[in-house]
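K.L.:
Below is a structure I'd like to ask you about.
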Amino acid sequence: MLKSDNIPTVSKRIEAVQSVKGTRDLMPPETSVWQRVEEEARRVLRAYAFREIRTPILESTALFARSVGEDTDIVSKEMYTFQDRDNESLTLRPEATASAVRAYIEHRLFNEGGLQKLYYMGPMFRRERPQKGRYRQFYQIGAEALGSDHPAIDVESMEMLVLLLEQLSVQEFTLLLNSVGCPRCRPEYLKVLRHALEDVRANLCRDCQRRAVTNPLRVLDCKVEADQPIIEQLPRMADYLCPECRQHFEAVKDGLESRRIDYRQAPRLVRGLDYYTRTTFEITCSALGAQNAVLGGGRYDGLSEMLGGPPAPGFGFAIGEDRLALVVMDSIAKQLELGPLAYVAWIGEAALGSAENLARALRRQGISVEISHQPMKLKKSLGTASKLAARFAIIIGEGELESGRYQVKDMTTGQQTEIETNQIERYLQQNSARAI
Ligand SMILES: [Zn+2]
Ligand SMILES: [Zn+2]
């Protein structure tokens, strides 16, 4: 039984709990844009024979330390890592490629032979400085093709992404392409890079001074303005590729050209993770301003072995869904009708039964319908329909009950039409431009 002194008194002010810094609620109508992005992504991924995988958000910390790399910003300062009650170190996933490859190994998908094509969507966690379009809980849609090192996989994945952006009416994007070599040719390049960095190290930002020693490739990622002219002058990986890597890179470029997919070579595009080999790529959107990459990925031929699995060359990418939704927002906001397709306005208790029957019949067909459960006058009903942004109001009063013909009012034009009860569904379908 509750003791009365446990109940807070009215006079005590209770402070409202806020969402955690760097996280946010996705609210309607924005969620409609997210749904549209996800539906289109699923459709395109299915068309390219990718199948969905759902991995846990919690993983062993070692998974990311071994794959993403100890000296990356992600692992060294951005992960949400904690000791579980039994002292195991756990991490909220900062990305999902490592998880997908872990699952591929754990479920022995390599035994099924051929190519395994998996996709995922969901939240990731990185403790970055919050800024526009960057959140500590952010969302990715990504895919991995495991089991082949053929350059056509790289090309086909990029073709698919370009198609997805086109389907979402995204204009003005640029595909950036690079090769980061392989464990055979990269050490030679790193030697040259380290040597070049020795001369300029003192002039670089403090992070780069450290990276120059621990992980020189990361210097190329640096976003500090003052470092840019120095980084421009550093030697380029493309000039040090081994014959196999060079051949792979040429095949990828040829493949893109033969499919008429525009790209630009970006010698500094190494991406912030250690597991990449050969192809790396990004797609940027001018609409996003300075931090303008909307998606990126590449090849990771040694990752499976790094995680204790058999050789399984792979290619993958992740789309920043927060950013893609931002880009898509403008282009499709007009196509999205955010209210229900129909609002059923019934006048007088006698009409309630018929109104509910109609609402149920339409909803069964997947048509979005809203209905009031309180009696209302016609004027107030139509006011509610327009507040909800319903496309049509279906009016059922005494006269309509007698005639068996309902008034259907187009809320955008104000035009009112009398429709036979059993024709209403067809009328709504035909007269609404949107997919229901
Ligand atoms: Zn190589
Ligand atoms: Zn720097």
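K.L.:
Which percent of Cα pairs goes in each bin when the distances of segment 1-122 are cut into 10 angstrom slices starting at zero?
P.N.:
Distribution as computed: 10, 24, 28, 21, 10, 6, 1 percent.
K.L.:
Once label points are set 7 Å from the Cα along Cα→Cβ at both Glu52 and Gln429, what is their separation, rounded to one decimal in nm?
P.N.:
The modelled label-to-label distance comes out at 2.5 nm.
K.L.:
Tell me the net charge near Leu90. Cut-off is 11 Å between Cβ atoms, Leu90 excluded, with +1 for each Lys or Arg and -1 for each Asp or Glu.
P.N.:
Working: positive: Arg85, Arg93; negative: Glu59, Asp84, Asp86, Glu88.
Once positives and negatives cancel, what remains is -2.
K.L.:
Does segment 242-370 come out rounded, prolate or oblate, given a ≥ b ≥ c as the square roots of the eigenvalues of its C-alpha gyration tensor, rounded meaning a/c under 1.5 and, failing that, prolate meaning a/b above b/c? List each step's numbers first, then the result.
P.N.:
Numbers: a/c = 3.69, a/b = 2.66, b/c = 1.39.
The shape class here is prolate.
K.L.:
Here's something else I'd like to know. What is the dipole size for the chain, taken about its Cα centre, with +1 at each Lys and Arg Cβ and -1 at each Asp and Glu Cβ, in debye to the nearest 20? List each step's numbers first, then the result.
P.N.:
Working: 58 positive and 59 negative charges, 170 e Å.
That gives a dipole near 820 debye.
K.L.:
In 5 Å bins starting at 0, how do the alpha-carbon pair distances of segment 179-270 split up by percent?
P.N.:
2, 14, 23, 21, 15, 12, 8, 4, 1
K.L.:
Which residue, Gln265, Gln18, Gln131, has the most motion in a Gaussian network model of the chain that connects Cα atoms within less than 10 Å?
P.N.:
Taking springs between Cα atoms under 10 Å, the residue moving most is Gln18.
K.L.:
First select every other residue whose beta carbon is under 13 angstrom from the beta carbon of Gln416; then total the charges, Lys and Arg +1, Asp and Glu -1.
P.N.:
Details: positive: Arg405, Lys409; negative: Glu400, Asp410, Glu418.
It works out to a net charge of -1.
K.L.:
Next up: With a point put 7 Å past each Cα toward its Cβ, work out how far Val20 is from Asp199 in nm, to one decimal.
P.N.:
The answer from the label model is 4.7 nm.
K.L.:
Could you tell me which of the pairs Lys21/Lys387; Lys387/Lys409; Lys77/Lys117; Lys77/Lys132 are separated by over 25 angstrom between their Cα atoms in the structure shown? Mind showing how you got there, number by number?
P.N.:
On the way: Lys21/Lys387 33 Å; Lys387/Lys409 15 Å; Lys77/Lys117 31 Å; Lys77/Lys132 20 Å.
From Lys21/Lys387; Lys387/Lys409; Lys77/Lys117; Lys77/Lys132, over 25 Å: Lys21/Lys387; Lys77/Lys117.
K.L.:
Could you tell me the relative contact order of the chain? Use alpha-carbon pairs under 8 Å, at least six residues apart, and round to a whole percent.
P.N.:
Details: 708 pairs, mean separation 66.1, N = 436.
In percent, rounded to a whole number, it is 15.
K.L.:
Moving on. Grab the other residues whose beta carbon is less than 14 angstrom from that of Pro310, score K and R as +1, D and E as -1, and report the net. Mind dumping the intermediate values first?
P.N.:
Working: positive: Arg102, Arg108; negative: Glu106, Glu112, Asp149, Asp301, Glu305.
Net local charge, Pro310 excluded: -3.
K.L.:
Counting pairwise Cα distances across segment 342-431, what percent come out greater than 23 angstrom? Could you put the intermediate results ahead of the total?
P.N.:
Details: 407 of 4005 pairs.
Of the Cα pairs, 10 percent sit more than 23 Å apart.
K.L.:
Give or take rounding to whole Å, what are the principal axis extents of the alpha carbon atoms in segment 18-62, in descending order?
P.N.:
41, 39, 11
K.L.:
Would you mind computing the Rg to Rh ratio of the chain from its alpha-carbon coordinates, Kirkwood style for Rh? Don't jump to the answer; show the numbers that get you there.
P.N.:
Working: Rg = 27.9 Å, Rh = 25.5 Å.
Radius of gyration relative to Kirkwood radius: 1.09.
K.L.:
Let me ask something else. Cut-off 17 Å, label point 7 angstrom out along Cα-to-Cβ of Arg184: give me the residues of segment 272-316 whose amide nitrogen falls inside.
P.N.:
Inside the label zone: 277-279, 300-303, 311-314.
K.L.:
Would you order Val294, Val224 from fewest to most other beta-carbon atoms within 10 Å of each residue's own beta-carbon? Please list the in-between numbers first.
P.N.:
Working: Val294 26, Val224 13.
With the fewest neighbours first, Val294, Val224 line up as Val224, Val294.
K.L.:
Taking the Cα atoms of segment 47-109, what is the range of coordinates along each of the three principal axes, in descending order and whole Å?
P.N.:
Dimensions of segment 47-109 along the principal axes of its Cα atoms: 40, 27, 17 Å.
K.L.:
Continuing with the same structure: So how far, in whole Å, is the C-alpha centre of segment 386-436 from the one of segment 345-381?
P.N.:
Computed from Cα coordinates, the inter-centre distance equals 11 Å.
K.L.:
For the chain, modelled as a Gaussian network with Cα springs under 10 Å, which listed residue fluctuates most, Leu45, Leu352, Leu303?
P.N.:
In this elastic network of the chain, the residue with the biggest mean-square fluctuation among Leu45, Leu352, Leu303 is Leu352.
K.L.:
Give me the one-decimal nm value for the distance between modelled label points at Lys12 and His150, 7 Å along each residue's Cα-to-Cβ direction.
P.N.:
6.8
K.L.:
Please name whichever of Gly348, Gln429, Leu358 sits farthest to the positive end of the charge dipole of segment 342-431, dipole taken about the Cα centre and charges placed at Cβ: Lys and Arg +1, Asp and Glu -1.
P.N.:
Of the options given, the answer is Gln429.
K.L.:
Among Met411, Met158, Met124, which one shows the highest mean-square fluctuation when the chain is modelled as a Gaussian network with alpha-carbon springs under 10 Å?
P.N.:
Comparing Met411, Met158, Met124 in a Gaussian network model of the chain, the most mobile one is Met411.
K.L.:
In Å, the Kirkwood hydrodynamic radius of segment 93-195 over pairs of distinct alpha carbons?
P.N.:
Values: mean 1/r = 0.0590 Å⁻¹.
Across segment 93-195, the inverse of the average 1/r is 17.0 Å.
K.L.:
Here is a follow-up. Add -39500 (n - 2.57) for each DSSP H run of 4 or more in the chain, then divide by its residues: what number comes out at 222 nm, to the nearest 500 deg cm²/dmol? Each step should come with its number before you reach the end.
P.N.:
Details: 14 runs with 151 residues, N = 436.
Only helices count here, giving -10500 deg cm²/dmol.
K.L.:
Let me ask another. How do the peptides 382-390, 414-422, 232-240, 178-186 rank, highest first, by the average count of neighbouring beta carbon atoms within 10 Å per residue? Each step should come with its number before you reach the end.
P.N.:
On the way: 382-390: 16.8, 414-422: 11.9, 232-240: 14.9, 178-186: 20.6.
Ranking, from highest mean packing down: 178-186, 382-390, 232-240, 414-422.
K.L.:
Follow-up question, since we're still on this one. Given Cα pairs under 8 Å that are at least 6 residues apart, what percent is the relative contact order of segment 342-431?
P.N.:
Values: 126 pairs, mean separation 26.4, N = 90.
This gives 29 percent for segment 342-431.
The numbers here are math on the coordinates, done by the rules we state, and not lab data. Bear in mind the structure is a predicted one, so any value in this text is a computation, not a measurement. When we count neighbours, we look across all protein chains shown, and the Cβ atoms used for this are built from the backbone with ideal geometry, even at glycine.
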